[in-house]
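Reviewing the structure listed below.
The values are calculated or read from the model by the stated rules, or taken from the named source; none is laboratory data. None of these values were measured; they are calculated from a predicted model. Methodologically, a virtual Cβ is constructed for each residue, glycine included, from the backbone with ideal geometry; neighbour enumeration extends over all protein chains shown. Heads up: the accessible areas ignore ligands, DNA and RNA and are worked out on the full protein's heavy atoms, side chains in. Shrake-Rupley method; radii C 1.70, N 1.55, O 1.52, S 1.80 Å.
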There are 2 protein chains.
Amino acid sequence: MKKKVVLKDIAKEVGVSIATVSYVLSNGKDGRIGKEVTAKIKKVAKELDYQPNLIAKSLKSGKTNTIGLIVTDLSNPFYAHIARIIEDEVTQLGYTLMVSSSDEKAEKSWNLIKFLMHRQVDGFIIVPTAESEDQIEHLKEKKIPFVLIDRYFPEIPSHHVVVDNYTSAYKVVENLIQTGNTKIGILTQGNSLSHMKERTRGAIAAMEKHHLTINPTWLKEINFDSVEEDIAKGIEDLLTGDDPVTAIFFASNSLAIPGIKKVNHLGLKVPTDITIASFDQGEAFDLYYSPITYVHQPLSDLGKEAVHILTTEIASPGSGYQQVNLNAKMVVKESSRKDLIF
Amino acid sequence: MKKKVVLKDIAKEVGVSIATVSYVLSNGKDGRIGKEVTAKIKKVAKELDYQPNLIAKSLKSGKTNTIGLIVTDLSNPFYAHIARIIEDEVTQLGYTLMVSSSDEKAEKSWNLIKFLMHRQVDGFIIVPTAESEDQIEHLKEKKIPFVLIDRYFPEIPSHHVVVDNYTSAYKVVENLIQTGNTKIGILTQGNSLSHMKERTRGAIAAMEKHHLTINPTWLKEINFDSVEEDIAKGIEDLLTGDDPVTAIFFASNSLAIPGIKKVNHLGLKVPTDITIASFDQGEAFDLYYSPITYVHQPLSDLGKEAVHILTTEIASPGSGYQQVNLNAKMVVKESSRKDLIF
DNA sequence: CTTTATTATTAAAACGATTAAACCTATATT
DNA sequence: AATATAGGTTTAATCGTTTTAATAATAAAG
């Protein structure tokens, strides 16, 4: 079993000190070392296939060139997509990404943050869970750079990059109203979080603006731990209650997918029996027989902005919080275009 | 700006040596250190909120407790799902995951591997790209533990975990034949890779077994860099050529999604106009008006097996190669059940 | 009252790199 | 000839931890 080649090995082989080798191999430009020695060191380094040990370098420099990304669920295509964009972005800047999923659990998130801090990551990009304010405060106390994405805590000043959830929800619900719906069910999840609050607020604002009376039972909050059941029950309620709705707005893709399944299962036709719109994109939306109207979040911008803010913060800490609100695009398709169908 | 708390700080505060502190904090059980001292060190450590520096630990121990995962594209739900499973598995074992995407490019993959090696990852889980044999050989030479998943190189002995692609493809194509199709188009991608070879071989074997004559133009290889175009053209060819097919087998989900879009676009009805089946699961498959027949890969088993093999190899290297072939499940739905529709 | 065993603690080296400062040596300057 | 300057290289400290081997202190044994 060959040992790893380290600077010492090269130094010994060439007959110089470790420092000299280090200078040649890292500060190539600097030219402080004589020509022949430089050449010989480079030659030997290549021959022995020297590979630098970034752990040692990190210990010395205090920088790991590593970024921790915490999403709620990497297997959710929405977050996977964000992760991929962030990955590309940080890789290009010479960073490596450590990805983890919190499953919307504050405790898991806490563990991940602590673990990655021990690993000395240079910074975090986080999709914060409910009740994780203390974790964010902790990062601030410890002066660890971080950027929140998708959601944030209005009462805690921090960098964040989110979409304009209020306006997007407003527009999409307005679209539902304009196609003739006056009774609209809204499925949400994680209502204590900023993004959901905003989406709900936007949806209701649209209804109020159009002078619709809102029945509180039309708002269904879905529990993270019992999505399937809650959605099945919620949709049945919405459609068979005293005051049935004619349209449903799903406030995220993870609600829409099982939701649409349920609608299929009930044998309802979209958009004739029921009108549908959703937040987030999903490959299933386009393939559906009645393609789903949705709010398309600019994931690429979101990821890039977050990385940019984070790396700037890492490079020069403490120069004011960047708080970015991105515009989302509403994509209107058949699922909410009764006008076109009839 | 408070500095980080290190062992030295605790030592100074308590009035003992660094070594003593280290003993107490890492070998808690060992009890070599006196009771009162132990108690005091623990107390001070808590007070100062000491957090161990895992980088320093890694340098000393030569272990980083870090695993590199290289998939072809994290934004592909198939790989995202695998990544999530692997993440859960390694997290539980105290490892952290570094995830990267190779985009099916050997060069990218090479860079990622080198980069992660410099970072001293303890091992790799890799979805190998075409022409990356040298990278695999390199890892073997350097004695870096790794496990290949999804595909492998038959000529290079190594750990790997894959599904039984041959049998799965055989079965699904046989299903297409049994529902009355004699002319079946096959869309593949990355044909030099083991999994695709096996899927193609299985598909053809099924056709031969049932004495169908196979027209070579029915086999369409899709280029990674021009998926949309190739698929559009391929499907048009298949359906409008001299010898049009009545069924299409998509050899992966990344072919099926754009493929089905194209089928929709052409205004063809599934399964009446055309029968469809695919490899891999996808949330769109179930939601499609004519749910797609597919091969369901046991991703959970695949991920868990890979992690298990890798961590065992890390713990005790060089005890023979584990080569696992998992059975996949065929899920027959309407897209290939003409019998049920008529 | 030595000697030996036992317990508690620490000094120091090591992991693999970086880097400020010191140290030669040879040439240029006065 | 004495001194300054520059070029080339090395010494040694440092990052935060672990761990071997040594030491000091105390108790038990002879």
If I fit a long axis through the Cα atoms of helix B:194-209 and take the longest principal axis of the Cα atoms of chain B, what angle between them do I get, 0 to 90°, rounded to 10? 30
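Within chain B, what's the longest stretch lacking trypsin sites (Lys or Arg not before Pro) that sit in DSSP loops with no more than 10 other Cβ atoms inside 10 Å? It would help to have the intermediate numbers written out before the result.
Details: sites that count: B:2, B:3, B:32.
The reported range is B:33-342.
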Kindly give the distances from residue A:19 to its copy-mates, label point to label point, with each label point 7 Å from Cα along Cα→Cβ, as nm values to one decimal ordered shortest first. 2.9
Reachable aspartates and glutamates from residue B:197, Cα under 18 Å, same-chain residues fewer than 8 places away excluded? B:104, B:131, B:133, B:150, B:155, B:164, B:174, B:208, B:221, B:280
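Mind checking A:97-109 for the average number of partner chain beta-carbons within 10 Å of each residue's beta-carbon? Walk me through the numbers before you get to the answer.
Numbers: counts 5, 6, 10, 7, 5, 0, 1, 0, 0, 0, 0, 1, 0.
If you average over the peptide's residues, the count of other-chain Cβ atoms is 3.
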Distance (nanometres) between label positions extended 7 Å along Cα→Cβ at residue B:130 and residue A:106: 5.1
Computed magnitude of the charge dipole of chain A (debye, nearest 20; Cβ of K, R +1, Cβ of D, E -1): 2060
Starting from the alpha-carbon convex hull of chain A, give the projected area averaged over all orientations, in nm². 22.5
Calculated on alpha-carbon atoms, Rg and Dmax of the stretch B:7-52 in Å: 9.2, 24
What is the percent carbon and sulfur in the accessible area of chain B, measuring with a 1.4 Å probe over the protein chains and ignoring ligands? 52
Reduced to Cα centres, the span from the stretch A:62-107 to the stretch A:237-263 in Å works out to 31
CD proxy, 222 nm, chain A: helix-only mean residue ellipticity via -39,500 (n - 2.57) per DSSP H run with n ≥ 4, per residue, nearest 500, stands at -14500 deg cm²/dmol
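Taking the Cα centre of the stretch A:7-52 as the origin, how large is its charge dipole in debye, to the nearest 20, when only Lys and Arg (+1) and Asp and Glu (-1) carry charge on their Cβ atoms?
On the way: 9 positive and 6 negative charges, 31 e Å.
Its charge dipole is roughly 140 debye.
Just the accessible area per residue of the stretch B:7-52, please: how many Å² with a 1.4 Å probe? Spell out each step's value before the answer.
Values: 3080 Å² over 46 residues.
With the other protein chains kept in place, the stretch B:7-52 gives 67 Å² per residue.
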At a Cα cut-off below 16 Å, give the aspartates and glutamates reachable from residue B:43, other chains included and same-chain residues fewer than 8 away excluded. B:9, B:13
at residue A:224 the sorted inter-copy label distances (label 7 Å from Cα on Cβ side), in nanometres, are 3.5
Cα centre as origin, Lys/Arg/Asp/Glu Cβ charges: the protein assembly as shown dipole, Debye: 3120
Of A:50, A:330, A:126, which is farthest towards the positive pole of chain A's charge dipole, taken about the Cα centre with +1 and -1 on the beta-carbons of Lys, Arg and Asp, Glu respectively? A:50
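When you look at the Cβ of every residue in A:287-300, what mean number of other chain Cβ atoms sits within 10 Å? Provide the component values of the computation, followed by the final result.
On the way: counts 15, 4, 5, 1, 1, 1, 0, 0, 0, 0, 0, 0, 1, 0.
Taking all residues of A:287-300 together, the mean is 2.
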May I ask which of B:140/B:304; A:262/A:304; A:220/B:269; A:142/B:12; A:60/B:105; B:57/B:114 have a Cα-Cα span longer than 26 Å here? A:262/A:304; A:220/B:269; A:60/B:105
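How big a patch of accessible area, both sides summed and in Å² to the nearest 100, lies buried between A and B at a 1.4 Å probe?
Numbers: alone 17730 and 17710 Å², together 30570 Å².
Looking at A and B, the buried total is near 4900 Å².
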Between residue A:227 and residue B:236, the two model label points (7 Å from Cα along the beta-carbon direction) sit apart by a distance in nm of 3.8
Considering the protein assembly as shown, what Rg and Dmax in Å follow from its alpha-carbon atoms? 28.3, 90
Per DSSP, the loop-located GluC sites (Glu not before Pro) within the stretch B:109-147 having at most 15 other beta carbons within 10 Å are B:131
Can you give the FRET efficiency to the nearest 0.05 for residue A:17 and residue A:63, using r as the Cβ-Cβ distance and R₀ = 25 Å? 0.50
Could you give, in nm with one decimal, how far residue A:321 is from each other copy of that position, shortest first, with labels 7 Å out from Cα toward Cβ? 5.4
